[in-house]
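Everything on this sheet refers to the single structure shown next.
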Amino acid sequence: MNTDTVRPAVTELRLSAFKTHRGVTLPLTRLTLLSGESGSGKSSALQAYEILARLGRGESLARAVGEVAGSPAACVPAGARPDEQGRRGFRIGCTVDGPAGPVSLDLAVQAEPELRIVGERLTGGGETLLTTALTDPNRPAVQAAWHTAGATPVTRAPLPDDRLGTSLLPLRVAGKTAGQRLVLAAAEQVVVALRSAFVCDPRPEVMRDVGTGGAEGAGQDGGCGADGAGGAGRGAGARRSGRGAGSGGGPGKPGGAGGAAGAWGARKRKGSGGGEAGGWGRDAEGPRGEGRLRSSCDNLPAVLERTSRECARRHAVLVAAVREACAGPVEGLRAVPRQAGGTGEGGVDAAGAAGPGGSPGAQAGAAGAAGVRAVLDRGALGELPVEQLGDGELRFLALALVLLTGPEVLAMDPVGEVPSAHQQMTVMADGMDRCMDPRQARELVSLALRMTERGHVRLLGTVRDPSVAEGLPGVQVLHLGA
């Protein structure tokens, strides 16, 4: 067992056959950065992790693969030849350490001609805890067998071929025998670790679009500036919170690590229905509904308005970090009301935030974001709307905010069945140093190191320049394609 983590965490990612990877095993520590030349597989490694995370949250295989990789065929290793039945696929897996010891999960996925999980294996405690196999290609199910160690050594039953079997075990296993309890502990450990992942890709072009009243974002793979302008648009409100935070953790110690959410996000608030709900209300609207940060960080001003009120000490740490990364003086960072009907510096009215041609999701998101805007206090130079910052400065601000928060402040699905103190969040940041100069990137890595040392946050990121981590103990850099 890896005693460095008592909270479930993915400590190894296996890319047995995925995109450009074959037989690759990546050990993951609290702060792991992947580096390498373009095409070395940095982004695809994070994609494999995200597919596992989405499956762990209970998403269907089609949605998990489609949202992350675009198409099942894109995940198949280059040059992989179909068998006699025309089948091709990919294989990925991970190891999760935690109270149950190291538990390994491995998946074999058929991508063509039909997308389905054709094999799954869960092992831990010296036992094979779950195996599945496709026995009848004409049925949308696999035959599963899980460890019982009772009157019969295993229990057999069909499971759907488009879901992660491990995530379904808590609903199928009674827990009456020692073997069944081992299966439950291992499955829950894997599910908790996979669900506790937050994919963060701050997109300056989308963040500015909200700041200037635009309704649509840039593409999923949009980069900084014009690089992402041609992507498929997403409404600013396309991904609303939609969930009440159910973990119910108590408020963390200011500036400390008390609870998975740290000092931010553990405080309860009333939902729109009037009942108590952890975090932000399930049906909250307007600025309150915007209180959970989305992956693209397009609703950053509303989240800043919330976090600055909830923990002054942690907000001061954010301001200090932004001061080191931004050009010019920075004396403060805050959210201020937008000017009703104003068209001046950064101000838009709620009605103009989304044009009549925008999608309903975009209009809803823009209407919520129209309540506040984020500004830097430049002292004698006055206030500067954050959308006027450079791309690197905007990305730094958003990533720093993520590192200083927790699941209750992020648009993710906290594991409500497990106490917050028993969880830790893994932030996944592809292109972590994108658009940043070396000084900004090093400051961000230093901040990440300080936060991961507290034990409630882990980080898996990719960087173009590995030198940003030189001399920083505790940062693991893995060079791909070498």
Selection from segment 461-482 of residues in a loop (DSSP other than H, G, I, E, B), aliphatic (A, V, I, L, M) and under 21 Å from VAL199 (Cα atoms) yields VAL463, VAL475, LEU480
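Hey, can you tell me all the residues within segment 428-442 that are within 21 Å of LEU28 (Cα to Cα) and out of contact with any Lys or Arg (no Cβ under 7 Å at 6 or more places or on another chain)?
MET428, ALA429, ASP430, GLY431, MET432, ALA441, ARG442
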Odd one out for LYS176, checked against (1) crowded, with 17+ Cβ neighbours inside 10 Å; (2) of a type outside the set (A, V, I, L, M); (3) not in a helix (DSSP H, G or I)
(1)
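If you go through segment 173-194 one residue at a time, how many are touching a Lys or Arg at 6+ places or on another chain (Cβ under 6 Å) and in contact (Cβ under 8 Å) with a residue 60 or more places away in the chain?
Pass one, segment 173-194, residues touching a Lys or Arg at 6+ places or on another chain (Cβ under 6 Å): 175.
Still in the list and also in contact (Cβ under 8 Å) with a residue 60 or more places away in the chain: none.
Number satisfying all stated conditions: 0.
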Restricting to segment 73-95, give me the number of residues that are of a type outside the set (A, V, I, L, M, F, W, C), surrounded by 15 or more Cβ atoms within 10 Å (Cβ to Cβ) and over 21 Å from THR166 (Cα atoms).
3
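Has segment 10-18 got at least one residue that is outside any helix (DSSP H, G or I) and polar (S, T, N, Q)? Full working, then the answer.
Here is the first cut: in segment 10-18, the ones outside any helix (DSSP H, G or I) are 10-18.
The next check asks that each one be polar (S, T, N, Q); those that pass are 11, 16.
Among the residues of segment 10-18, at least one is outside any helix (DSSP H, G or I) and polar (S, T, N, Q), which makes the answer yes.
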Given the conditions (1) closer than 29 Å to ARG195 by Cα; (2) in contact (Cβ under 8 Å) with a residue 24 or more places away in the chain; (3) in a helix (DSSP H, G or I); (4) not β-branched (Val, Ile, Thr), report the number of the one that ARG450 does not fulfil.
(2)
In the set ARG91, ARG7, the lone residue that is closer than 30 Å to VAL445 by Cβ and basic (Lys, Arg) is ARG7
Going by what's in this entry, would ALA78 be described as among the hydrophobic types (A, V, I, L, M, F, W, C), over 17 Å from THR20 (Cβ atoms) and either under 20 Å from the mean Cα position of the chain (by Cα) or not in a strand (DSSP E or B) (or both)?
no
For segment 122-135: of the residues being at pLDDT 95 or above and touching a Gly at 6+ places or on another chain (Cβ under 7 Å), which is surrounded by the fewest Cβ atoms within 10 Å (Cβ to Cβ)?
ALA133
If I filter segment 62-70 for residues that are touching a residue at least 60 places away in the same chain (Cβ under 8 Å) and assigned to a loop (DSSP other than H, G, I, E, B), do I get at least one hit?
no
Among what's in segment 136-173 and is assigned to a strand (DSSP E or B) and of a type in the set (Gly, Ala, Ser), pick the residue that is surrounded by the fewest Cβ atoms within 10 Å (Cβ to Cβ).
ALA157
Consider VAL24 carefully, then state whether it is in a strand (DSSP E or B), aliphatic (A, V, I, L, M) and either free of Cβ contacts under 8 Å to residues at least 40 places away in the same chain or within 19 Å of VAL103 (Cα to Cα) (or both).
yes
Assess whether ARG458 counts as being among the basic types (Lys, Arg), outside any helix (DSSP H, G or I) and more than 21 Å from ASP201 (Cβ to Cβ).
no
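If only one of GLU453, GLU408 is under 30 Å from ALA187 (Cβ atoms) and surrounded by fewer than 20 Cβ atoms within 10 Å (Cβ to Cβ), which one is it?
Details: GLU408 fails: surrounded by fewer than 20 Cβ atoms within 10 Å (Cβ to Cβ).
The conditions single out GLU453.
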Please determine, by comparing only the residues of segment 307-330 that are over 15 Å from LEU397 (Cβ atoms) and in contact (Cβ under 8 Å) with a residue 24 or more places away in the chain, which one is surrounded by the most Cβ atoms within 10 Å (Cβ to Cβ).
CYS311
Any hit, segment 421-434, residues being at pLDDT below 95, at negative phi and surrounded by fewer than 24 Cβ atoms within 10 Å (Cβ to Cβ):
yes
Being in contact with a strand residue (DSSP E or B) (Cβ under 9 Å, 6 or more places away or on another chain) and within 22 Å of ALA9 (Cα to Cα): is that true of ALA187 here?
yes
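The values are calculated or read from the model by the stated rules, or taken from the named source; none is laboratory data. Keep in mind that what you see is a predicted model, and the values were worked out from it rather than measured. Cβ: placed from backbone, ideal geometry, glycine included. Neighbour counts: every protein chain shown.
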